[in-house]
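Notes to accompany the following structure.
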Amino acid sequence: MDWDDVRVFLAIARKGSMRAAGRALGLSQPTIARRLAAFEATFGGATLFDRLPEGLRLNTAGQKLVPAAESVEDAALTLERRRAAASPTLSGTVRVSTGECAAGFLARCLSERTKALPAGLTLELIDSRQKKNLLRREADMALNHAPPPSGDYYACKAGTFACSVYRRRGAEAAGWVTYTDEQASYEPARWVQRQVEATGRPVALRASSMLMHVEAIRAGTGRGVLPCYVGDGHPLLERLGPPIPELAADYWIVVHRDLRRAPRVRAVIDWMKALFAEQRDVLAGKQPGGNR
């Protein structure tokens with residue numbers, strides 16, 4: 001039995017269609033269909049999915065195979081992680097799952113002005129909303145707001161991002177720029193809503209990403225909450241008050257213990273720790289020359 005066929009079977013079971021499984025595995029739909037047929041052939045050719053208008057759904061025969069397939073997956077991925085950890089090579093790509101704010105910070109720091117990554121290493125930043133899984137090697141490590149509650153992970157606190165309110169320098173910017181209704185549970189969105197209710201200032205714009213907020217605030221559309229490392233460093237923005245304590249965002253470096261000692265992963269962990277230490281005042285909104 002081919003391990004790749006097992007991967008395809010599990011991806012279809014989890015995603016509900018060949019197209020979505022192909023996107024998850026980086027394979028074409030014809031390849032997915034061919035591998036599923038090969039996997040089904042090993043069990044006598046019986047179909048393992050019901051073909052429905054909305055996609056594929058495991059039938060009884062397929063459901064019975066999932067626990068065993070996941071055991072195979074666990075064993076294969078453990079071997080893959082340990083092989084990666086045993087390799088002495090300090091090169092290649094390290095995939096980091098994180099949010100927009102931390103991703104922007106890391107991208108900014110990939111410059112000559114800060115501690116550089118070792119030559120031969122490439123950082124790949126993946127939006128954490130895609131739910132990349134460290135166990136399945138969909139990401140090598142994560143930069144999250146909290147350590148995982150359980151599991152065989154190494155986690156260490158990297159640092160804290162302060163946030164404050166900004167507007168275009170000299171603009172009235174009476175209204176607020178905030179997140180969409182679907183993102184109303186975000187702590188910055190809840191904080192802005194409390195200000196709207198307390199002051200009567202209207203919401204001028206709702207947008208789903210921090211980049212949209214920066215551009216709207218820069219244009220004078222309204223005032224809004226931004227990480228201090230973004231707002232203080234922008235020549236067109238001014239801060240309207242001190243950092244907001246309840247919006248301070250902690251970040252934790254998280255990696256599976258099997259991969260922690262892999263040279264390329266270890267190098268990125270050390271690089272991140274050094275960056276957060278070096279940029280501590282910038283992240284806290286204490287950078288000299290900032291709009292304090």
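The values are calculated or read from the model by the stated rules, or taken from the named source; none is laboratory data. Quick caveat: nothing in here was measured; it's all calculated off a predicted structure. A quick note on method: Cβ atoms are made from the backbone with ideal geometry, for glycine too, and the neighbour counts reach across all protein chains shown. Surface areas here come from the heavy atoms of the whole protein model, side chains and all, with no ligands, DNA or RNA. Shrake-Rupley method; radii C 1.70, N 1.55, O 1.52, S 1.80 Å.
So here's what we get for this one:
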{"quantity": "Scope segment 208-228; condition closer than 16 Å to Q183 by Cα, in contact (Cβ under 8 Å) with a residue 40 or more places away in the chain and open to solvent by 30 Å² or more (accessible area, probe 1.4 Å); matching residues", "calculated": "L211"}
{"quantity": "Evaluation of G104 against (1) assigned to a helix (DSSP H, G or I); (2) closer than 30 Å to L226 by Cα; (3) open to solvent by less than 50 Å² (accessible area, probe 1.4 Å); (4) free of Cβ contacts under 8 Å to residues at least 24 places away in the same chain (one fails), failing number", "calculated": "(4)"}
{"quantity": "Identity of the residue in segment 81-100, at pLDDT 90 or above and hydrophobic (A, V, I, L, M, F, W, C), that ends up farthest from the chain's Cα centre (by Cα)", "calculated": "V94"}
{"quantity": "Only one of A21, A33, A38, A11 that is assigned to a helix (DSSP H, G or I), without any contact (Cβ under 8 Å) to a residue 40 or more places away in the chain and touching a Lys or Arg at 6+ places or on another chain (Cβ under 6 Å)", "calculated": "A21"}
{"quantity": "Within segment 235-285, helices (runs of 4 or more DSSP H) holding 3 or more residues that are open to solvent by 50 Å² or more (accessible area, probe 1.4 Å)", "calculated": "263-278"}
{"quantity": "Residue count for segment 1-51, restricted to those that are among the acidic types (D, E), under 15 Å from A68 (Cα atoms) and at pLDDT 90 or above", "calculated": "2"}
{"quantity": "Complete set of residues in segment 168-187 that are open to solvent by less than 50 Å² (accessible area, probe 1.4 Å) and in a loop (DSSP other than H, G, I, E, B)", "calculated": "A171, A173, A174, G175, Y179, T180"}
